[in-house]
1. Among the numbered criteria (1) in a helix (DSSP H, G or I); (2) closer than 26 Å to ALA10 by Cβ; (3) at pLDDT below 95, which single criterion is violated by TRP116?
2. Looking at (1) in contact (Cβ under 8 Å) with a residue 60 or more places away in the chain; (2) within 25 Å of ALA10 (Cβ to Cβ), which is the only condition TYR23 fails?
3. Within segment 51-61, does at least one residue satisfy the condition of being within 19 Å of VAL80 (Cβ to Cβ), touching a residue at least 24 places away in the same chain (Cβ under 8 Å) and of a type in the set (D, E, K, R)?
4. Would you kindly identify the strands (runs of 3 or more DSSP E) lying entirely within segment 1-113 that contain at least 1 residues that are within 10 Å of the chain's Cα centre (by Cα) and buried (at least 19 other Cβ atoms within 10 Å of the Cβ)?
Amino acid sequence: MPYSLQSLDARTIEVRYTGVVGYFERAEAVERAAGAMRAAEADRLLVDFTHATPVEEDKANRADFIARTITHLAIPTARVALVGVSSVFAFPAELACEIRHIPSRKFDTRAEALEWLALDVIEVTNLSKTP
């Protein structure tokens, strides 16, 4: 499995990818992460690609990832931070979050992402725009 899940604190679940990661694995991970968030009553998700190489196997897997993210990440107060991923591979997650009205942002560093996730209030103007 090219990812691991862990609870960072009472509100935050982390998905950490390693190695080559396609949309099939990402779809599986988002499903498991959403379940872990519901079980822990967490509403923050850190998705770390720092040690991964995202790839696109085919467009059907990308569409499935978007659909599963929209379906499973139905947590009204959720917030998603993406770390170490290019805009091309962040876009499907940002799109799914925007459809669900979930704030998401892409960060260069884990520290910046965790700082943003820890904020009680954030400015929400363009949900899918990166800083």
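The values are calculated or read from the model by the stated rules, or taken from the named source; none is laboratory data. Remember, predicted model here, so these are calculated numbers, not experimental data. Neighbour counts are summed over all protein chains in view; Cβ atoms, including those assigned to glycine, are modelled from backbone coordinates with ideal geometry.
1. (3)
2. Condition (2) is where TYR23 drops out.
3. no
4. Those strands (runs of 3 or more DSSP E) span 12-21, 44-54, 79-83, 104-107.
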